[in-house]
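Worksheet for the structure shown next.
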Amino acid sequence: MAVEEFAPAKVNLTLHVTGRRPDGYHLLDSLVVFADAGDRVTVAPADALSLTVAGPRAAGVPAGEDNLVLRAARALAPGRGAAITLEKRLPTASGIGGGSADAAATLRGLARLWEVALPDTAALMTLGADVPVCAASRPMRMSGLGEILAPVPALPDFRLVLANPGVAVSTPAVFRALASPDNAPMPDRLPDCATAEELALWLRGRRNDLEAPAIALCPEIRATLAALSELPGCLLARMSGSGATCFGLFAGPAAARAGAQALSAAHPDWWVEAAAPYSRP
Ligand code: C5P
């Protein structure tokens, strides 16, 4: 009877900040992909709504009624019960969408359990700007504040090494530290790339505009990027979201696995994962 949903890590291969609205929110233009590293949400029938957090990263999860998973459940169907278990593997407050991915996976699971429709995009946005893209959990070009999603041309096969130096970064603080919010968007048309090398070449001409302000707040990000870019076979190293997680792009699994092993050995206190792209079936 229990329903299980995977909550994959979100990775912003690019994140252009193209404007700032009077209410303080920023306009974004981002190429978002997902990784086969993630959390797991299980929902089971129960009279009352409850959340149990388990897994290696459980300690970082904010408990209580404000938890995004519980907020998502209440938004879907107020007053209904379910026993929710969150197996937390992703670091929290780390730029790879953990809380948003968990909320989206909870909604997918509860929609199946309770046989109700998923909330619309506007309702998903009230839970967080990354929740709509996490609800899709497949490669998307994300724009507006996060609510405009467009499918992207097929991406070549690639691998990621995800690395987090263990410092939590506040997203609002990073946006506040951004020197200029008015930056160029990505080109209208995203390219067809046949290989990971071609994709890396194209990505190198794009940016994560939050990288510089995040490094100013959290210098460990610079060291993380340097360590990734020095790994053999790393085609590109960049920060995801508002950090501090960074990714290295690799052409294949052997180089990514070897890179992740070397990075873990050199920095035993970092969170490091080799991952393949994930796309929700
Ligand atoms: O929506 P979410 O809770 O993920 O956003 C966290 C913070 O990031 C917001 O409070 C805001 O400061 C900033 N943000 C922004 N523009 C966006 C998305 C988020 O300024 N499009």
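Some notes on this structure:
- Residue match in segment 224-239 (condition: crowded, with 23+ Cβ neighbours inside 10 Å, part of a loop (DSSP other than H, G, I, E, B) and not assigned by TED's automatic domain parsing to the domain that holds L28): no
- Residues of segment 168-178 classified as more than 9 Å from the ligand (Cβ to nearest atom) and either of a type in the set (S, T, N, Q) or at pLDDT below 95 (or both), total: 2
- Hits in segment 3-36 (condition: crowded, with 20+ Cβ neighbours inside 10 Å and of a type in the set (G, A, S)): A7, A9, S30, A35
- V152 vs. criteria of a type in the set (A, V, I, L, M, F, W, C) and in contact with a Cys (Cβ under 9 Å, 6 or more places away or on another chain): no
- Filter pass, P187 being surrounded by fewer than 19 Cβ atoms within 10 Å (Cβ to Cβ), modelled with pLDDT of 95 or more, within 16 Å of the ligand (Cβ to nearest atom) and assigned to a loop (DSSP other than H, G, I, E, B): no
- Of residues in segment 128-141 being surrounded by 24 or more Cβ atoms within 10 Å (Cβ to Cβ) and within 9 Å of the ligand (Cβ to nearest atom), the one nearest to T18 (Cα to Cα): D130
- Residue count for segment 66-105, restricted to those that are among the hydroxyl-bearing types (S, T, Y) and more than 16 Å from the ligand (Cβ to nearest atom): 1.
- Counting the residues of segment 70-85 that are in a strand (DSSP E or B) and within 25 Å of A122 (Cβ to Cβ) gives 2.
The values are calculated or read from the model by the stated rules, or taken from the named source; none is laboratory data. Values in this document were obtained by computation on a predicted structure and should not be read as measured data. Because the Cβ atoms are built from the backbone with ideal geometry, glycine has one as well, and the counts that use them run over all protein chains shown.
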